[in-house]
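These notes are about the structure you will find just below.
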């Protein structure tokens with residue numbers, strides 16, 4: 001074998017030492033706070049110390065595109081609020097922690113927010129598994145308020161947790177009858193196998209049946225499944241009218257493509273998906289998802305008729321141009337409502353103490369947010385908001401329906 | 001009849017995709033004795049190259065043509081800089097290539113903003129046979145996979161380069177004594193394996209769209225295939241890939257998909273239990 005192995009093992013020993021050194025360095029860096037950002041208050045004094053707002057969101061990892069949008073919205077709002085004199089005469093100081101799309105990384109980082117930074121409120125978490133992983137650290141051990149901004153499956157009824165994203169009732173009660181009218185009665189529920197689709201489907205099934213439709217099949221797939229030929233064949237053979245999809249990326253792209261190739265839309269089938277926003281439009285070619293219907297609290301198409309939404313969107317784009325969009329499916333609109341509602345509650349309570357803010361947040365209202373005004377339903381810790389049904393046409397959404405007033409979350 | 005034909009086509013088509021992805025992985029594992037944990041990310045880079053061409057306004061097929069060459073170059077550079085230091089220590093090779101994979105994956109994630117990007121297929125029409133729609137692009141992948149497989153096989157068995165490659169694998173010391181530069185052979189083998197990964201990525205990206213974790217899913221199936229097929233031959237990993245691909249596409253037709261996902265692994269482990277060296281543990285190629 002010549003002298004090559006000896007050289008290599010020598011090199012390996014060296015690299016092991018170097019590996020250990022660099023591991024030690026990285027461990028040190030992580031312990032002191034990689035993934036933490038503080039945006040200090042522009043002014044503060046002894047009489048008016050800053051109020052600390054904690055944001056725990058997925059800046060890196062699989063859903064980093066959403067987490068960064070949430071953090072951007074928080075930066076924008078905190079800047080605006082501080083420019084207008086802060087809240088109860090005190091400036092806001094922003095503490096952003098990365099939850100890294102990974103629950104085991106998230107919990108220690110959220111602990112930092114609570115134990116090291118002593119923040120007055122925490123907003124964030126995008127997936128339900130993330131919310132479940134970090135909520136105890138914030139609410140129980142941390143004795144801090146927690147605001148969860150994402151659309152989700154509902155049933156989060158613990159005290160001191162406030163949800164500002166749409167619930168199944170808000171996303172299904174109007175949407176499913178619309179789908180039956182604009183698609184047909186035979187539904188299929190192809191779904192990713194985790195908590196949100198399971199619980200949402202249980203609710204959606206009731207609405208489908210109450211509205212005179214039927215769920216022909218409900219099926220769950222591994223989260224990373226990317227071949228859906230068996231499902232597509234079933235959808236075609238069973239003459240399904242409406243596909244109510246909760247398959248998530250990366251599977252959703254190939255699934256919609258295979259469905260298109262099999263001729264589902266050509267046959268008049270209706271595709272629907274309640275997390276589809278402007279970010280997810282790019283997963284497929286526009287013609288593959290032509291006619292896809294979604295139901296959310298905000299679409300960019302709303303800007304045409306709602307000057308407030310248009311103003312907020314324009315401000316966001318000016319401050320954060322690029323690929324990180326302010327979109328409803330990323331929890332960015334829920335984050336907007338969350339911060340505004342919380343600020344309104346602090347203003348009313350004239351305090352940042354948890355009990356007092358919670359009491360005020362219970363009935364907080366805001367008149368301006370992307371998509372329209374919002375208000376908490378007293379005693380239910382969920383948010384009333386305006387909802388929209390939009391349909392994808394040529395790579396953009398067109399609004400097909402908007403709720404008359406604010407829809408009730410019907411939770412807790 | 002139509003349904004059966006449709007099922008058969010879909011299953012074969014997915015099987016071909018897995019074979020295509022595993023080919024490069026198998027060649028590197030078999031010919032060089034190291035597991036390239038960055039293989040999935042090489043597939044991703046092939047897809048990303050295609051995307052770059054597309055975003056520059058060039059035709060998609062040109063990007064697909066370029067991807068294997070770009071990846072061969074990247075493979076060559078990486079082999080010279082890093083991989084060659086790992087040959088004597090396969091465990092370090094796994095960790096090293098795994099780290100490399102993370103670097104590539106997260107860089108691509110940053111470059112595409114963590115989003116999913118659709119890339120159109122060069123062929124969008126479907127052949128209609130009976131009542132069955134056969135997308136042309138999937139047919140093209142089937143054909144290209146068969147050609148690449150045959151080409152690689154011929155390269156290894158019928159050319160003098162293939163002979164030297166096998167010699168370097170079987171007995172490196174003797175090969176060197178016979179005047180074969182094993183260093184060069186290894187570099188070229190690695191570049192070749194990388195090129196195959198790049199081609200696979202370029203061909204499948206219109207089906208799965210571009211996203212940072214594209215390679216990850218294939219990596220697991222790829223390793224399962226190599227484990228099942230056996231290291232040390234060319235045919236082994238390819239056979240393994242065929243079985244894994246066909247199983248993972250076929251089982252969801254019969255049973256619940258979540259169960260099918262698990263069952264693929266169970267079946268693979270049972271086979272490996274009875275044939276620990278893999279399906280084809282001996283052979284010349």
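Give me the residue from segment B:183-216 that is part of a helix (DSSP H, G or I), more than 20 Å from residue B:65 (Cα to Cα) and within 13 Å of another protein chain (Cβ to nearest Cβ) and, out of that set, farthest from the chain's Cα centre (by Cα).
B:183
Using beta carbons and a limit of 9 Å, which pairs, at least six apart or on different chains, have the first residue in segment A:69-80 and assigned by TED's automatic domain parsing to the domain that holds residue A:321 and the second one in a helix (DSSP H, G or I) and surrounded by fewer than 19 Cβ atoms within 10 Å (Cβ to Cβ)?
A:72/A:319; A:75/A:319; A:76/A:315; A:76/A:319; A:79/A:319; A:80/A:315
Give the residues of segment B:106-135 that are out of contact with any helix residue (DSSP H, G or I) (no Cβ under 8 Å at 6 or more places or on another chain) and at the interface with another protein chain (Cβ under 10 Å from one of its Cβ atoms), sorted by residue number.
Residues satisfying the conditions are B:106, B:110, B:128.
State which residue is farthest from residue A:282 (Cα to Cα) when the search covers only segment B:84-105 and only residues that are without any contact (Cβ under 8 Å) to a residue 12 or more places away in the chain and facing another protein chain (nearest Cβ under 7 Å).
B:88
Scan B:143, B:128 and give me the residue that is at pLDDT below 90 and surrounded by fewer than 16 Cβ atoms within 10 Å (Cβ to Cβ).
Working: B:143 fails: at pLDDT below 90.
From the options B:143, B:128, the qualifying one is B:128.
In segment A:118-140, is there at least one residue being away from chain B (no Cβ under 14 Å), crowded, with 24+ Cβ neighbours inside 10 Å and part of a loop (DSSP other than H, G, I, E, B)? Before you say what the answer is, go through the steps one by one.
Of all residues in segment A:118-140, those away from chain B (no Cβ under 14 Å) come to A:118-125, A:127-140.
Still in the running and crowded, with 24+ Cβ neighbours inside 10 Å: A:119, A:121-125, A:130, A:134, A:138.
If we keep only those that are part of a loop (DSSP other than H, G, I, E, B) as well, we get A:119, A:125.
Yes.
Going by what's in this entry, would residue B:180 be described as part of a helix (DSSP H, G or I) and either within 13 Å of another protein chain (Cβ to nearest Cβ) or over 29 Å from residue B:204 (Cα atoms) (or both)?
Against the criterion (part of a helix (DSSP H, G or I) and either within 13 Å of another protein chain (Cβ to nearest Cβ) or over 29 Å from residue B:204 (Cα atoms) (or both)), residue B:180 does not qualify.
Let me spell it out: the conditions are (1) part of a helix (DSSP H, G or I); (2) closer than 19 Å to residue A:388 by Cα; (3) out of contact with any strand residue (DSSP E or B) (no Cβ under 8 Å at 6 or more places or on another chain); (4) within 14 Å of chain B (Cβ to nearest Cβ), and residue A:281 meets all of them except one. Which number is the exception?
(3)
Just checking, which of A:263, A:322 is part of a loop (DSSP other than H, G, I, E, B), within 14 Å of chain B (Cβ to nearest Cβ) and under 30 Å from residue B:134 (Cβ atoms)?
None of the other options fit; the residue is A:263.
I'd like the full set of residues that are closer than 26 Å to residue A:118 by Cα, in contact with a strand residue (DSSP E or B) (Cβ under 8 Å, 6 or more places away or on another chain) and surrounded by 17 or more Cβ atoms within 10 Å (Cβ to Cβ), limited to segment A:359-386. Break it down into steps so the answer makes sense when it comes.
Going residue by residue through segment A:359-386, those that are closer than 26 Å to residue A:118 by Cα are A:359-364, A:376, A:381-382.
Subsequent filtering for residues that are in contact with a strand residue (DSSP E or B) (Cβ under 8 Å, 6 or more places away or on another chain) retains A:361-364, A:376, A:381-382.
Within segment A:359-386, A:361, A:364, A:376, A:381, A:382 meet the criteria.
Kindly check whether there is at least one residue in segment A:301-319 that is touching a residue at least 24 places away in the same chain (Cβ under 8 Å) and within 14 Å of chain B (Cβ to nearest Cβ).
Scanning segment A:301-319 turns up no residue that is touching a residue at least 24 places away in the same chain (Cβ under 8 Å) and within 14 Å of chain B (Cβ to nearest Cβ).
Would you mind stating whether residue B:9 is touching a strand residue (DSSP E or B) at 6+ places or on another chain (Cβ under 7 Å), over 22 Å from residue B:188 (Cβ atoms) and crowded, with 18+ Cβ neighbours inside 10 Å?
Numbers: touching a strand residue (DSSP E or B) at 6+ places or on another chain (Cβ under 7 Å): yes; over 22 Å from residue B:188 (Cβ atoms): yes; crowded, with 18+ Cβ neighbours inside 10 Å: yes.
Yes.
Looking only at residues that are under 26 Å from the mean Cα position of the chain (by Cα) and assigned to a loop (DSSP other than H, G, I, E, B) in segment A:240-260, which one is surrounded by the most Cβ atoms within 10 Å (Cβ to Cβ)?
A:247
Please find, among B:198, B:230, the residue that is touching a helix residue (DSSP H, G or I) at 6+ places or on another chain (Cβ under 8 Å) and modelled with pLDDT under 90.
None of the others qualify; the one that does is B:230.
Can you tell me which residue in segment A:234-254 is farthest from residue A:196 (Cα to Cα), limited to those that are at the interface with chain B (Cβ under 7 Å from one of its Cβ atoms) and touching a helix residue (DSSP H, G or I) at 6+ places or on another chain (Cβ under 6 Å)?
Here the answer is A:254.
The values are calculated or read from the model by the stated rules, or taken from the named source; none is laboratory data. What you see is a predicted model, and the numbers here were worked out from it, not measured in a lab. Neighbour counts are summed over all protein chains in view; Cβ atoms, including those assigned to glycine, are modelled from backbone coordinates with ideal geometry.
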